[in-house]
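Read the structure below first, then the notes.
None of the figures in this text is laboratory data; all of them are computed from the coordinates on show. As the structure is a computational prediction, the values presented were derived from the model and not from experiment. As a convention, Cβ positions derive from the backbone with ideal geometry for all residues, glycine included, and neighbour counts pool all protein chains shown.
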Amino acid sequence: MPDGSRSLNLFFSKNNFVGSFNAFSEVSENYLPEFCFIGRSNVGKSSIINAITKSKKLAKTSKTPGRTQSINLFQINEKINIVDLPGYGYAKVSRVKRDELTNLIESYIINRNNLKHVFVLIDCKVGIKDKDIDICDIISESNKKFSIVLTKIDKCAINFIKSQNVSLISLMNNYKLHFNKIFSTSSTKNMGIIDIQKNIFNLSKK
Ligand code: GDP
């Protein structure tokens, strides 16, 4: 059954890397609709960006958590920006560095005017942690919109995925004005990826 995946994959595979930035003030100003991905180190962020953009290594998939410590900007078809934010919560990063990363993430979310939507990634097996809730608070307090992306669902049983969805939905009642939906995904098995592509594509037109 055709589901639009072919044309969406083609659209998203026309992409390029714009730059890597260590401070918000350095991020090139841009008016394209922007979508960013954020989550704990090792949540599967690089893998999902690569799955969405059908690129093997647009975002570096690293076995070393905490390696990506800058804001990485990509462009899709010269129409949409995708931003890979640094992973947070990596224990081996020094406290000073951790504070620096938190400041970088916060100032980006609060100040980036063309930011349309934030995808907050949660490892399905691990579930939501305090730091993820802090991020949801920052997003809603800065009046931006977000969705939750459950990652690596191939590692979990169907009933467990359902129960994660149910408990997250009740938590998200606290963010009614800013929360959109939950995506259940696996980059390895290409599950739920097309739903994120469609969502980004549709939101970019609004
Ligand atoms: P990042 O640190 O958030 O960018 O995470 P990565 O994309 O580098 O992934 C971290 C680890 O999780 C790697 O070993 C990946 O191979 C693995 N991983 C990522 N996505 C999936 C997935 O959908 N399913 C499974 N089973 N493993 C995944």
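Listed values, structure above:
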{"quantity": "Size descriptor, Kirkwood hydrodynamic radius, that averages inverse alpha-carbon separations across region 134-177, Å", "calculated": "11.8"}
{"quantity": "Computed [θ] at 222 nm, deg cm²/dmol, the chain (DSSP H ≥ 4; -39,500 (n - 2.57); rounded to nearest 500)", "calculated": "-11000 deg cm²/dmol"}
{"quantity": "Pair-distance profile P(r), taking every C-alpha pair of the chain, with 10 angstrom steps and integer %", "calculated": "8, 37, 40, 14, 1, 0"}
{"quantity": "Assigned charges on the beta-carbon of Lys, Arg, Asp, Glu; the chain dipole about Cα centre (debye)", "calculated": "680"}
{"quantity": "Percent RCO, i.e. relative contact order, over region 145-189, from Cα pairs under 8 Å lying at least 6 residues apart", "calculated": "70"}
{"quantity": "Residue with peak Gaussian network fluctuation, the chain [Cα springs, cutoff 10 Å], from Ile133, Ile52, Ile109", "calculated": "Ile133"}
{"quantity": "Flagged links, alpha-carbon separation over 21 Å, of Lys45/Lys92; Lys145/Lys181; Lys14/Lys155", "calculated": "Lys14/Lys155"}
{"quantity": "Over 22 Å [Cα-Cα, region 38-144], rounded percent", "calculated": "29"}
